[in-house]
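*Asks:* Take this structure, written in structure tokens, and hold onto it; I'll ask about it next.
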Ligand code: DQA
């Protein structure tokens, strides 16, 4: 099983970015932990981070035919980008939306996600651990057949 982990704007700064809110775990640590969990589950994981919406769209398009499912923390684009949801729909790759923080307990503009309506599941508020929870959940849904497009 082939999986992808995509991270959007400013998530490259995890570890030093507003640590009281987002924690001190770095993106490299998140990616390393997810790669280890994927291996434990018999899957492979490709990781990509970009601060550019178009680059994320290109990365989603590249998942067609090469990837069984994806995790995405699109950062602030989650709240603004119909284009990212459309890109996933275009390639029919199931995805789980992840947020470190509970976006529903934050400012009103963060309480709406344009990705959520197309997502298989959403994991919010568990900090860096949420990526691992989402990964285990995604693999489970793909394996039991309820996550297939
Ligand atoms: C975030 C929440 C977003 O609202 C914010 O723009 C981020 C991080 C999170 O992981 O909690 O960049 O996606």
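*Asks:* Calculated from DSSP H runs of 4 or more alone, at -39500 (n - 2.57) each and per residue, what is the 222 nm mean residue ellipticity of the chain, nearest 500? Can you show the working numbers first?
*Replies:* Numbers: 5 runs with 52 residues, N = 149.
That comes out to -10500 deg cm²/dmol.
*Asks:* Place a point 7 Å from Cα of residue 110 in the direction of its Cβ. Which residues in region 60-88 have their backbone N less than 14 Å from it?
*Replies:* Counting backbone N atoms under 14 Å from the label point, the list is 74-80.
*Asks:* With springs only between Cα atoms under 10 Å, which of 17, 136, 106 fluctuates most in a Gaussian network model of the chain?
*Replies:* 106
*Asks:* Additional query: Per residue and in cubic angstrom, what volume does the convex hull of the Cα atoms of the chain have? Write down the numbers at each step before the final one.
*Replies:* On the way: hull volume 13.8 nm³, N = 149.
Hull volume over Cα atoms, normalised by residue count, gives 92 Å³.
*Asks:* In Å, what is the Rg of the alpha-carbon atoms in region 1-40, and how long is Dmax?
*Replies:* 11.4, 35
*Asks:* Follow-up question, since we're still on this one. Order by neighbour count: 24, 46, fewest other Cβ atoms within 10 Å first, most last. Present the calculation step by step, with values, prior to reporting the outcome.
*Replies:* Numbers: 24 13, 46 18.
Fewest-to-most ranking of 24, 46: 24, 46.
*Asks:* Most fluctuating residue of 119, 105, 36 in a GNM of the chain with Cα springs under 10 Å: which is it?
*Replies:* 105
*Asks:* Taking only Cα atoms and a 10 Å spring cutoff, compute GNM fluctuations for the chain and point out the largest among 121, 90, 20.
*Replies:* 20
Taken together, the values in this text are just the output of simple stated rules run on the coordinates, not laboratory data. Computed from a predicted model, the values in this text were never measured in an experiment. So basically every Cβ, Gly included, is an ideal-geometry build from the backbone, and we count neighbours across all protein chains shown.
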